[in-house]
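The structure under discussion appears below in the form of structure tokens.
The values are calculated or read from the model by the stated rules, or taken from the named source; none is laboratory data. These figures come from a predicted structure and were not determined experimentally. Neighbour counts run over all protein chains shown; Cβ positions are idealised from the backbone, glycine included. Please note that ligands, DNA and RNA were not included when accessible areas were found on the heavy atoms of the full protein model with its side chains. Shrake-Rupley method; radii C 1.70, N 1.55, O 1.52, S 1.80 Å.
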Amino acid sequence: MASVQDQLEIKFRLTDGPDIGPKTFPAATSVATLKESVLAQWHKEKENGPRTVKDLKLISAGKILENNRALGECQSPLCDIPDALTTMHVVVQPPSEKAENKATNQARQKKCVCVIL
């Protein structure tokens with residue numbers, strides 16, 4: 001059975017509305033899984049909400065968390081207080097139009113077949 005310290009209680013602070021949570025997660029949970037949880041609980045009535053996990057950035061103790069890291073790896077020693085509620089800030093950063101255009105152009109180039117006779 002997991003100890004209490006293997007569980008972290010997290011609240012997600014949104015920049016323009018109510019918080020999501022708090023909710024308890026195992027320390028082994030990946031940041032990508034946290035983002036999926038936030039995305040599933042996102043207030044759908046909000047404009048400019050995230051469409052995918054890639055649109056979200058999670059910030060804890062001033063650091064942007066990497067998707068492939070486990071929650072336990074991201075803890076700051078300064079913020080490691082037993083039984084404390086951790087607040088993570090959520091930033092929505094949809095892909096820029098320039099990046100979308102670049103991806104579209106690359107896809108078109110792959111589809112283009114030139115035949116020279």
Derived scalar couplings ³J(HN,Hα) [the range 55-67; Karplus, 6.51 cos²θ - 1.76 cosθ + 1.60; whole Hz; x for Gly, Pro]: 7, 9, 10, 9, 10, 9, 6, x, 10, 6, 7, 8, 4
Among 58-70, 37-49, how do they line up from the highest to the lowest mean number of other beta-carbon atoms within 10 Å? 58-70, 37-49
Solvent-accessible heavy-atom area per residue, rounded to whole Å², over the range 1-52 at 1.4 Å: 63
